[in-house]
Amino acid sequence: MMSGPGGAAAGAGGGGARNGAGAEWGGFEDNMQGGGSAVIDMENMDDTSGSSFEDMGEMHQRMKEEDVDAEAAAADEEDGEFLGMKGFKGQLGRQVADQMWQAGKRQASKAFSLYANIDILRPYFDVEPIQVRNRLLESMIPMKMINFPQKIAGELYGPLMLVFTLVAILLHGMKTSDTIIREGTLMGTAIGTCFGYWLGVSSFIYFLAYLCNAQITMVQMLSLLGYGLFGHCITLFVTYNIHFHSLFYIFWLVIGGLSTLRMVAVLVSRTVGHTQRLILCGTLAALHMLFLLYLHFAYHKVVEGILDTLEGPNVPPFQRVARDIPVVASAVLNITAKAIALTL
Amino acid sequence: MRDLKAVGKKFVHVMYPKKSSALLRDWDLWGPLVLCVSLALMLQGGSADSKEDGGPQFAEVFVIIWFGAVVITLNSKLLGGTISFFQSLCVLGYCVLPLTVAMLVCRLVLLASSGTVSFIVRLVVVMAMFGWSTLASTAFLADSQPPNRKALVVYPIFLFYFVISWMILTFTPQ
């Protein structure tokens with residue numbers, strides 16, 4: 001019987017359309033039961049190849065039973081010419097079917113082992129929403145206690161969601177600031193940047209922690225850095241929409257600084273020795289703050305026209321023009337700005 | 001013909017999301033494929049440098065939808081969901097239908113005019129369809145989760161449809 005979950009587990013996506021209506025495919029079963037001979041019908045093979053592993057299993061079973069009989073018969077027939085084409089095709093057909101069955105079985109076991117690998121990650125996703133919320137808020141609060149190793153939750157759901165949120169915010173910023181990416185796509189760049197930072201810097205700091213004898217595991221490092229991106233998300237979300245340079249610098253120092261301080265405090269509490277603490281925490285602080293700076297400036301473009309026309313002491317902060325403003329409005333803006341500059 | 005009817009029935013289920021298990025029981029990926037391809041085709045050629053970026057647009061949308069759906073499915077399974085891999089893919093793919101309708105409407109509105117009024121109209125339409133997509137997919141998927149973790153599963157779905165809605169809203173044809 002063909003069934004949905006069974007087909008899914010074996011990875012036979014192509015047969016998905018037929019899974020829900022097993023009863024209507026009675027004709028298929030008739031074909032299988034009709035042929036009781038040792039010769040595999042090649043036309044039927046083409047129709048059913050790869051569609052259902054259970055049917056291949058049935059065929060294989062039948063082939064095994066027939067093999068016992070056929071081996072006794074084949075032992076007598078040394079000369080294949082007397083059998084003619086039918087005999088030759090029979091052996092070839094059996095070999096091909098056998099190979100296909102083996103290949104299919106290998107694929108199915110590979111798919112099963114991939115599924116088992118997902119279970120390895122399961123304990124890291126065992127969280128409640130209230131825990132995630134608490135950890136998000138705690139990531140902005142540096143703890144003063146650095147004499148005892150502070151607890152880090154080894155959880156991957158929060159960091160993963162934060163990285164994806166950062167990707168979405170980055171996309172928003174890139175689109176509204178008219179960023180043109182020559183090699184590659186906007187989405188690819190955003191995903192590559194955020195995941196590259198999270199995984200790459202985590203690994204690098206973990207390597208440094210190994211050198212400096214800090215007590216931290218890879219999952220804990222991933223978790224710590226992931227939650228540290230919460231500050232980045234807030235800062236970028238606000239400053240991509242309200243475009244003031246000074247506001248960005250304040251946010252960079254305050255919010256970026258708070259989340260960096262928290263990560264630094266956790267690492268300091270888990271490291272012994274002044275030099276080691278300095279190396280580890282200095283590197284992390286520098287990378288974290290510089291990343292926020294990079295994200296802000298690399299994906300923004302100051303509109304050239306307004307820079308040219310505005311001079312004088314009453315200069316408003318740099319403005320960025322969203323893509324959707326029609327040409328007429330920006331021309332009016334430029335003319336007004338020029339008029340103001342002339343009268344000053 | 002039987003397959004077409006099954007696909008059509010699922011489209012109707014998405015537009016009127018009731019607690020029926022038809023979408024889940026007989027999953028298929030025809031509908032999501034058709035929706036994904038049509039959305040990707042409509043989103044093509046909508047960047048600043050259209051002569052250079054015509055190619056990647058299609059692949060970009062395709063990859064985002066399928067990669068995003070796979071990630072959400074893995075996430076919901078890791079959080080202890082009882083739904084199978086392809087069932088979840090099926091639901092997420094079919095719930096892209098309201099957004100495809102929104103894309104169609106946006107293209108028609110952009111044919112007429114491209115000023116502030118059309119932007120507001122497009123914004124309203126896209127936001128409404130985004131809400132509809134998210135509600136439809138949570139109606140099907142959230143039931144398979146333990147009750148106190150529904151928010152954890154809904155958030156990635158929200159993010160996924162938000163990214164697609166954002167791509168639709170910022171589309172400007174050349």
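We did not get these values from a lab; they are worked out from the coordinates using the rules stated. For clarity, every value in this text was computed on a predicted model and none was experimentally measured. No Cβ is skipped: glycine too gets one built from the backbone with ideal geometry, and neighbour counts run over all protein chains shown.
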Chain B: relative contact order from alpha carbon pairs under 8 Å, six or more residues apart, as a whole percent, is 30 percent
Ascending count of other beta-carbon atoms within 10 Å, so fewest first, for A:Ser246, A:Ser259
A:Ser246, A:Ser259
Net charge of Cβ neighbours under 14 Å - reference B:Val34; Lys, Arg +1; Asp, Glu -1:
-1
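Output the relative contact order of the range A:146-308, whole-number percent, from Cα pairs under 8 angstrom with separation of 6+ residues. Numbers along the way, then the final one.
On the way: 158 pairs, mean separation 57.0, N = 163.
Relative contact order for the range A:146-308 comes out at 35 percent.
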Got a sec? How would A:Tyr197, B:Tyr16 order by Cβ neighbour count within 10 Å, fewest to most?
B:Tyr16, A:Tyr197
For B:Trp66 and A:Arg62, extending 7 Å from Cα along the Cα-Cβ vector and measuring point to point gives, in nm, a value of 3.5 nm
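Taking the Cα centre of the range A:146-308 as origin, sum charge times position over the Cβ atoms of Lys and Arg (+1) and Asp and Glu (-1), and report the length of that vector in debye to the nearest 20. Mind dumping the intermediate values first?
On the way: 7 positive and 5 negative charges, 94 e Å.
Around 460 debye, computed over the range A:146-308.
Listing B:Ile164, A:Ile146, A:Ile250 from the residue with the fewest other Cβ atoms within 10 Å to the one with the most, what is the order?
Least to most surrounded, the residues fall as A:Ile250, A:Ile146, B:Ile164.
Across peptide B:116-123, how many C-beta atoms of other chains are within 10 Å of each residue C-beta, on average? Don't jump to the answer; show the numbers that get you there.
Numbers: counts 4, 0, 1, 3, 0, 0, 1, 1.
That average works out to 1.
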Debye, to nearest 20: dipole size of the range B:1-170, +1 on Lys, Arg Cβ, -1 on Asp, Glu Cβ
640 debye
In sequence order, calculated HN-Hα J values of the range A:92-101 (Karplus, 6.51, -1.76, 1.60; Hz; x Gly/Pro):
4, x, 5, 5, 5, 4, 4, 4, 5, 5
Counting only other chains, and only Cβ atoms inside 10 Å, what mean value do you get across the residues of B:66-79?
3
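Which shape class applies to the range B:92-166: rounded if a/c is under 1.5, otherwise prolate when a/b exceeds b/c and oblate if not, where a ≥ b ≥ c are the square roots of the Cα gyration tensor eigenvalues? Can you show the working numbers first?
On the way: a/c = 3.78, a/b = 2.69, b/c = 1.41.
Note, shape of the range B:92-166 comes out prolate.
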On a 28 Å Cα-Cα criterion, which of the cross-link pairs B:Lys9/B:Lys77; B:Lys5/B:Lys150; B:Lys10/B:Lys77; A:Lys64/A:Lys110; A:Lys64/A:Lys89 come out too long?
B:Lys5/B:Lys150
